[in-house]
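The values are calculated or read from the model by the stated rules, or taken from the named source; none is laboratory data. Just so it is clear, the structure is predicted and the values come from calculations on it, not from any experiment. Here the Cβ positions follow ideal geometry from the backbone for every residue, glycine too, while neighbour counts run over all protein chains shown. Surface areas here come from the heavy atoms of the whole protein model, side chains and all, with no ligands, DNA or RNA. Shrake-Rupley method; radii C 1.70, N 1.55, O 1.52, S 1.80 Å.
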Amino acid sequence: MGATVLNFIGFERDQDLEKIQDKFFAITNLFLYCVAPDGQFLSRMSGVEADKLVLLDTVGRDTLGRARKEMAVSVAEDQIVDDTSVSGVSIIAQAIRNNGKLLAIWMVMAVTDPEAAGLRPDFPRVASEEKLYAALIFLRDISWKFASYNDFYKGVESENLRSRFTEREMTASLRRAGAMAEIVQLLENDEVVEVVLQRILTIVGDFLNVTSGYIFRVHEDLADVIAQWTSASRVFHFNRTKNLPRHSILQGDKMIVISDDAKLTAEERPFFEDLEVKASVIAPIIVNNAPVMYVAFGEAGSRNWATEDVKFIGNAIRIMQSVVVRRTQKNSLASSYAALEAILDNSGNAIYVKDKESGRMLFANQTMRSIFADELEKNTLDDLLSDATMGEWQTDKQELFHERKHHWYDLYCTTIKWVDGQAANLYALYDITDKKVYQNKIEQQAYTDFLTGLYNRLCCERDLAHYIDEAKRDDRTGVLLYLDLDDFKHINDGLGHQYGDILLKAISHGFKRIRGIENTCYRMGGDEFVIIVPPKMGDQYEKVIESVKDIFDKPWFLQDSDYYCTMSMGVVEFPTAGDGVQELIKKADIAMYEAKKAGKNRAVFYSDGIESTSNKRLDMEKNMRDATVDGFKGFEIYYQPIFRVDQDHPICCGAEALIRWNSSELGFISPAEFIPLAEYLGLINPIGNHVLIEACRECKRWNDAGYADFKVNVNLSVVQLLQNDIFDIVKCAIAETAIEPRNLTLEVTESLAINDMERMKIILNRIKSLGVRIALDDFGTGYSSLNHLREIPLDVIKIDQSFVNQLDHDNYLKAFIRMVSQLADAIGVHVCVEGIETKEQLEALDDIHVSMIQGFYYDRPLSKEEFEQKYIIQDHSEKVEG
């Protein structure tokens, strides 16, 4: 079988095949051997034995067998490339066919990248991809020719004709193979590209035996002749080779073949006349998808171009194209580096490139050499970059701070292929110092409260997270103080926001003077503040708390007067009570609210017991908001009777309206619990206005029911009284309910009245002008001067129940009440004593002129229905019966 196949494809013995094979190997560096379709070897593999064994072990013999079997069963394919698992090695099966019949198979192995294939870097036989491509074309063509010629040889009956044909065609094929081998060898030539192209042009012209050959470099409408060749009988056609007019035939990306018998077009004729030829083959050399040169071969005599000649020209031009591309890349490497250096030197940032594997510096631009000259000289630049990237290669942006220069840089890292193709790490550093300074300024503004100059909530949360981590790391304890000013709204609304702002700034200034917390004071918003006692001074938190209290012990001078403002404080330790920022702030806020509820002007430490109370508070808050929106659902007004005792027998003359909350979700809630919450939530105004309207409406009903002199007392909270529209609210309530103004008594607390006497006189006089009565509630608890009683437009003084508890055996209390009663008589004001619960307390007042009494002795606060049943309906019935 082997001998038959060899004979059929044109070789008499395998030695002939192996000789050509070895020459082919020497020129192309391709390992190859020939096999029959059934796998029988027709030649040994070319190459040195040791190299072949290493290569076979790398790719695996089964890979070669698989490629051969695929070709053996293929009907149409002439070439199969096997994708192996080994990078850098190509395996090709090249068919030898005649009339569609598979005669033999060339098995070819090409090493294109030894390192990628796992071979030693100096592996002796490496083939470039261009050489592989050209060699495979040549191998295909020569194999087909040998098979064709031998087949024809067997079919010719005339021995003489056969001998002459074979000799001529075999000689031509061998010459063609030799010429192509010479051309392929020029792929590795290091001479300038014009010289190499001239050599190829000469080889092709000699082989084709044409009249002339030219290579034109084209640019716009001009062309340069960079190589020309003529036969021995001719001289060079072009004396001038630069900036020649570009013929229109030198266009397009396709080969043009014109024989002498072809009819020339108007575009083709000038070219042929200029070159003095009758036949020509013109083909482009394409680089980066665009024709940059054209190769033209011309024949002055008669010529009908053979297919083999056209193929030969096409293969030669492909090799020319490879030469141009490779040489352009190689020659441009130095100029590319220079251009790149110029670009990077003017990029405005520092650039540093080092070899990815060895770490050797490949490039540093002028900016880098200027800014980091010391680091480059001392070889410490890599350490600086490593610190910025935390010792790990990171492709995202990093920030680098140059401590000695006090400059900030954005550091970008990426992996690139350097101009010589090797992998490299590139570092780009952008000076962002100005931006950083600006950012710090903006950040300072973002973290600072504009009004007080203290840090704000955002900064507080950031710093608290830092101090929590510090406390956990150092096993220490820090303290968080949450402060809220007591009744700040009175000052803000009473004096105006400008004076409220002055007070906030003065308090903030006081905080910053406390040693140890100068930089850990924060305004959370409104009148709320936070102070962080850092872990390093956590054992001094009690001293800090006392210093804060001292600030509020002194009055504040506002609008030409002294005003007192106290604060309620919640205290929580960290990380003992928690290690979450929001968790600690919430717990401190809970403790602060407990301080409010306990009477204000105090500090309360957070405990787990408080939190359960806080949960109830949250429920109360939700239900209170819902009730306020839903028409004050659940809020009820109770009425405690007030008795006149300055007549023959006590009679009910009216009642004090008291708000109660019977929530559908939480049940009955004490006023001591929900009123401070309503004040804290800002709901006391709508709730208070609701009480005013409803109490006026009920009193009007009682008046219309026959009790024309019945009066109702309504408490005005501090927040209500300091509303700018309190006069209009009272006026509207009177108008809406049609109550007689004289039957409405508005109660204000003594402490409120004396805290801002001038403002109170203005407000109360306006309200008094509506015809309503004014009562001073809780008298005796505010340390007021008795002279103030003459300044306020009063109708009633209500003595606080704290003066009644021991009235039956305390002569001082009796003397105090007698003195107030006598003073009230002198200025025409009635006195009402609150909190009378026993007969003994009542009898102690027998010899004191008191107008009215209110207390459990006579009756407790009653619901509207109970009050009407007891003091309106029943009393009315008794009057009718009497």
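Over the chain, DSSP H runs of length four or greater, each weighted -39,500 (n - 2.57), average out per residue to a 222 nm ellipticity of -14000 deg cm²/dmol. For the chain, with all protein chains in place and a probe radius of 1.4 Å, 49% of the accessible heavy-atom surface sits on carbon or sulfur. Listed here are the pairs Lys700/Lys864; Lys472/Lys543; Lys19/Lys101; which of them are more than 21 Å apart at the Cα? The answer is Lys472/Lys543; Lys19/Lys101.
Approximating the spin labels as points 7 Å out from Cα along Cα→Cβ, the Lys870-to-Ser231 distance works out to 14.2 nm.
Pairs of Cα atoms nearer than 8 Å and 6+ residues apart set the relative contact order; for the chain it is 5 percent.
The alpha-carbon of Lys405 sits under 14 angstrom from the alpha-carbons of these aspartates and glutamates, leaving out residues fewer than 8 places away in its chain: Asp374, Glu375, Asp431, Asp434.
The alpha carbons of segment 598-656 give a radius of gyration and a Dmax of 20.1, 57 Å, in that order.
Cross-link check: pairs Lys356/Lys435; Lys554/Lys587; Lys354/Lys378 evaluated at a Cα-Cα cut-off of 23 Å; pairs beyond the cut-off: Lys356/Lys435; Lys554/Lys587. Relative to the longest principal axis of the Cα atoms of the chain, the long axis of helix 193-208 makes an angle of roughly 40 degrees.
With R₀ set to 25 Å, the beta-carbon distance separating Lys435 from Asp374 gives a calculated FRET efficiency near 0.55. Here Lys505 is the anchor, and the aspartates and glutamates within straight C-alpha reach of less than 18 Å, apart from those fewer than 8 places off in the same chain, are Asp449, Asp484, Asp486, Asp487, Asp493, Glu518, Asp527, Glu528, Asp550, Asp553, Asp560, Asp562. If contacts are Cα pairs under 8 angstrom and at least 6 residues apart, what is the relative contact order of segment 184-235 in percent? Normalised by residue count, the contact order of segment 184-235 is 32 percent.
Rolling a 1.4 Å probe over the protein heavy atoms gives the chain an accessible area of 49 Å² per residue. Taken along its three principal axes, the alpha carbon spread of segment 443-591 comes to 51, 32, 26 Å, from the longest extent down to the shortest. In summary, the convex hull built on the alpha carbon positions of the chain has an orientation-averaged projected area of 67.8 nm².
Principal semi-axes of the equivalent ellipsoid, √(5λ) from the alpha carbon gyration tensor of segment 810-862, are 20, 14, 8 Å from largest down. For the residue pairs Lys549/Lys586; Lys761/Lys870; Lys69/Lys311; Lys731/Lys798; Lys536/Lys596; Lys711/Lys814, the alpha carbons lie more than 32 Å apart in Lys761/Lys870.
Taking only alpha carbon atoms, segment 482-529 gives an Rg to Rh ratio of 1.00, where Rh is the Kirkwood radius. For segment 180-321, the alpha carbon convex hull comes to 111 Å³ per residue, rounded to a whole number. Normalise the Debye intensity by I(0) for segment 27-82, one equal point scatterer per Cα, no solvent, then take log10 at q = 0.15, 0.16, 0.23, 0.31 Å⁻¹ and round to two decimals. For the requested q values the scattering log ratios are -0.48, -0.55, -1.07, -1.36.
The GluC sites (Glu not before Pro) found in segment 425-528 that occupy coil by DSSP, while having at most 11 further C-beta atoms within 10 Å, are Glu518.
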